[in-house]
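The values are calculated or read from the model by the stated rules, or taken from the named source; none is laboratory data. Given the structure is predicted, the values throughout are model-derived calculations rather than measurements. Reconstructed Cβ throughout: ideal geometry from the backbone, glycine too, with neighbour counts over all protein chains shown. Ligands, DNA and RNA are excluded from the accessible area calculation, which covers all protein heavy atoms including side chains. Shrake-Rupley method; radii C 1.70, N 1.55, O 1.52, S 1.80 Å.
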Amino acid sequence: MSGALNCLAAEIENPAQAMAFLRTYSYLRDDQLSNGMPSSLQIEADALRNFQKFYHINETGKLDGKTYEMMNLPRCGRPDVEKDATVSARKRRYTATKGYKWPNKDLKWRLDGSYKIHSLNEILRSAFKLWSDSSSLTFTEVTDPAVDVEIVMDFLQWDHGDGSNFDGRNGVLAHAFFPSPDDIGGDVHFDKDEPFTHERASGINLLQVATHELGHSLGLGHSSISGAVMAPYYSGYDPNFNLHNDDIAGIRSLYGEDDRPSEEVCHDNVKTVFRTSDGSTYIATGSKYYRYSMKAQRVDSGYPRDMSVWRGLPDGVDTAFQYSNRRTYFFFGSKYYRFNDRDLTIDRGYPRSTAKWWLGCNAVGSLLEGDSSADVSKPSCASLLSAMLFVLVAVKFQA
């Protein structure tokens, strides 16, 4: 990488910069400007209200603090308002770009550039899989540069020859081009100056950015739904990242539904079923887990995933459930962990002894660890613990 790695994108902090931003992302047209500024106060106010409406902030029509804050978040480099775009009038707010879709559903892709991150190609394959799992599309990775492909991915910096310069760290993270017969059609460019990471809360998650940009490569514009993958701004690391219903509706509007059978969960391997504080239902099978859609009555696409996503938990969970304090408890043998669903971390001081903290038994440790000298002539905490775990396992399939 060049010395530009430490350069930061210029912060938007005055009206002139804000108007340039609104023009870049198509909230202002050239014919509405005079010397770089809106030709009337009404045009400026309307542009600001449209931006504020798209991002669900107070529609003041003024450059207030929240508006500046939104403008300065890391984001995709594509405009929010595409020319000739058709927007669904239903509750879904995806944008399916008119005339921009691949004529075939079996697409090839290639990575031309490089970036110092572990499992780079595997991350990109996962991004493609999220889209193929939810549509009729299939993707084939190609390494031979002589083979024609629809989608080329690359890591580039600053002025890289496509007319859409990058701006250093933060600001624009990446951009992509809609399907077209042009050489650049469908290509994805990542800003090489960004601190892309994988399965970490720090930095910018590459899987999330790549999945978003691939949506553009396939013909989707930006969505006004804040939880959608196709929302323009990077919203932070999500360990349970998946397509939103809005994204799925968008890609299916272009290419149709996936007619392949969904993956089934092997009942004999199910260890536990539990819900988290956001209402999601999960099925754990030891080292893997699935997210189950109660509405669709099927496993969500993109699963199973490794239990390592639940950072800090060992493999082989016996059972799990959510308690009234909105924490999820995971039990492994004689110990348990308390998991904070909001922060996605294990609470401090865990694991703990199940017998001691749930049953109030102080002398059971040696018995649970297999000490044959322990007194088992009377009903003990060990038997109570076994009974409790049996009950937890027995009731875990309710709901």
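Quick notes on this one:
- When the residues of the range 99-127 are filtered to those that are over 22 Å from the mean Cα position of the chain (by Cα) and under 18 Å from Asp247 (Cβ atoms), the one that is modelled with the lowest pLDDT is Tyr100.
- Residues being surrounded by fewer than 24 Cβ atoms within 10 Å (Cβ to Cβ) and in contact (Cβ under 8 Å) with a residue 24 or more places away in the chain - total across the range 214-231: 4
- Screening the range 150-188 for residues that are modelled with pLDDT of 90 or more and of a type in the set (Asp, Glu) and picking the one that is least open to solvent (accessible area, probe 1.4 Å) gives Asp187.
- Take the conditions (1) buried (at least 20 other Cβ atoms within 10 Å of the Cβ); (2) touching a helix residue (DSSP H, G or I) at 6+ places or on another chain (Cβ under 8 Å); (3) under 27 Å from Asn242 (Cβ atoms); Asp191 misses just one of them, which is (2).
- In the range 18-51, residue least open to solvent (accessible area, probe 1.4 Å) [restricted to those that are closer than 30 Å to Tyr237 by Cβ and touching a helix residue (DSSP H, G or I) at 6+ places or on another chain (Cβ under 6 Å)]: Leu22
- Test set (1) more than 15 Å from Phe241 (Cβ to Cβ); (2) open to solvent by less than 50 Å² (accessible area, probe 1.4 Å); (3) modelled with pLDDT under 80; (4) among the small types (Gly, Ala, Ser) - Gly312 fails condition number: (2)
- Ser324 vs. criteria assigned to a loop (DSSP other than H, G, I, E, B), surrounded by fewer than 19 Cβ atoms within 10 Å (Cβ to Cβ) and at pLDDT below 80: yes
- Residues being open to solvent by 30 Å² or more (accessible area, probe 1.4 Å), touching a Ser or Thr at 6+ places or on another chain (Cβ under 6 Å) and not charged (D, E, K, R) are represented in the range 139-149 by at least one member.
- Qualifying residue in the range 348-359 (condition: open to solvent by 50 Å² or more (accessible area, probe 1.4 Å), closer than 23 Å to Arg200 by Cβ, under 17 Å from the mean Cα position of the chain (by Cα) and modelled with pLDDT of 70 or more): no
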